[in-house]
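I have placed the structure first, in the form of structure tokens, so that the comments after it can refer back to it.
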Amino acid sequence: MKLHLLNPNTTESMTLLMAGAASRVASPGTEIIPTTAKIGFPYISSRVEAEIIASDVFETIAEHHTQVDAVIISAFGDPGLIGARQLFDIPVIGVAEAAMLTACSLGQRFSIVTFSDRLTEWFCDGVRRASLEQRFTGIRLPREDFQSIETVQEELGETLVKLVEEAVLIDKADVAILAGGPLAGLAAKVSERLPIPVVDPVPAAVVLAEGLVRLRPGIARAGGFARPPAKDTFGLPDKLARRIEHTD
């Protein structure tokens with residue numbers, strides 16, 4: 001099985017971090033194929049950035065979808081997720097949605113713990129898109145800032161542990177999600193110290209992707225996620241254009 005781990009951010013070190021977290025839970029024989037965005041932002045942190053980068057997500061999937069069994073969009077806001085599911089015939093998993101569905105399998109109410117207040121509205125959009133508002137206790141954030149997304153785990157790790165504890169005591173959360181690509185792998189390091197289960201979005205997405213590939217549920221030929229009818233395009237990247245025009 002081959003899983004395309006698509007980092008929509010341009011930071012290569014983040015891709016390596018997430019690929020490592022993915023590989024630790026992948027089944028024997030599953031190959032993780034990571035890619036890093038060629039254009040965009042070092043780290044997507046707003047709605048507008050996510051909208052801008054969605055087209056690159058589609059282009060990247062178009063370049064790889066015939067060589068892989070599933071795609072994981074590895075940014076917690078799941079940029080391009082809904083459109084990609086409609087356009088491509090293989091499972092497309094968003095790490096945010098995968099984390100939330102996993103959390104709902106471990107408890108009734110979940111909290112999101114992350115490292116920057118710039119992410120909150122975008123992350124809340126994902127909760128609403130998944131229709132999980134009634135099971136969501138809110139987002140916990142550190143008061144202090146950080147110097148670099150590449151060192152955020154080292155800078156804020158202890159603070160994030162305390163925020164999970166606050167989510168239990170104050171928000172009555174049953175499960176916490178450690179959200180954001182720079183936090184990949186942190187849950188495994190701190191889970192034994194915490195009073196509730198913690199979910200790492202990237203490994204959760206890998207497990208879900210493997211399950212969907214094995215399940216072989218078929219493709220959408222009708223309904224809201226059926227591939228749109230062929231349409232002429234102008235100026236789009238070749239493989240994406242051919243997918244939209246049904247000439248691939």
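Points to keep in mind about this one:
- Relative to the current alpha-carbon distance between Glu51 and Leu215, full extension at 0.36 nm per residue lengthens the span by 55.9 nm.
- Close amide-amide hydrogen proximity is noted between Arg140 and Ile112, Val113, Thr114, each under 5 Å apart and 5 or more residues distant or on a separate chain (H modeled in the peptide plane; Pro and chain starts excluded).
- Computed over region 7-118, relative contact order equals 23 percent, with contacts defined as Cα pairs under 8 Å that lie 6+ residues apart.
- One entry in (1) 20.1; (2) 12.2; (3) 13.1 is mean projected area of the Cα convex hull in nm² calculated from the shown coordinates; its label is (3).
- Relative contact order for the chain, counting Cα pairs under 8 Å that sit 6 or more residues apart, in percent: 23
- The residues neighbouring Ala222, those whose beta-carbon lies less than 15 Å from its own, together hold a net charge of +2 under the Lys/Arg +1, Asp/Glu -1 convention.
- Between Glu245 and Glu133, residue separation times 0.36 nm minus the direct Cα-Cα distance comes to 36.6 nm.
- Cut-off 17 Å (backbone N to label point 7 Å along Cα→Cβ of Gln108), residues of region 157-179: 168-176
- Computed from the C-beta positions of Leu169 and Cys124, the FRET efficiency with R₀ = 25 Å rounds to 0.70.
- Stretchable slack from Asp89 to Thr233, in nm (0.36 nm times residue separation minus alpha-carbon distance): 49.8 nm
- Positive-end extreme of charge dipole, the chain - chosen from Gly20, Thr159, Leu106 (charges on Cβ): Leu106
- Of Val25, Val92, Val127, the one that fluctuates the most in a GNM where the chain has Cα springs shorter than 10 Å: Val25
- The mean sequence separation of alpha-carbon pairs under 8 Å and at least six residues apart, normalised by the residue count of region 1-42, gives a relative contact order of 61 percent.
- Helices of the chain meeting both criteria, an alpha-carbon length of 15 angstrom or more along the long axis and an average Kyte-Doolittle score not below -0.5, with helices taken as full DSSP H segments, are 12-25, 47-64, 95-106, 152-169, 201-215.
- Most mobile listed residue (Pro228, Pro182, Pro34) in the chain, GNM with C-alpha springs under 10 Å: Pro228
- Computed helical MRE - 222 nm, the chain, DSSP H runs ≥ 4 contributing -39500 (n - 2.57), nearest 500: -13500 deg cm²/dmol
Every number here is computed from the coordinates shown, using simple stated rules; none is lab data. Keep in mind that this is a model prediction, so the values were computed, not measured. Counting neighbours? That spans all protein chains shown, and the Cβs are built from the backbone with ideal geometry, glycine included.
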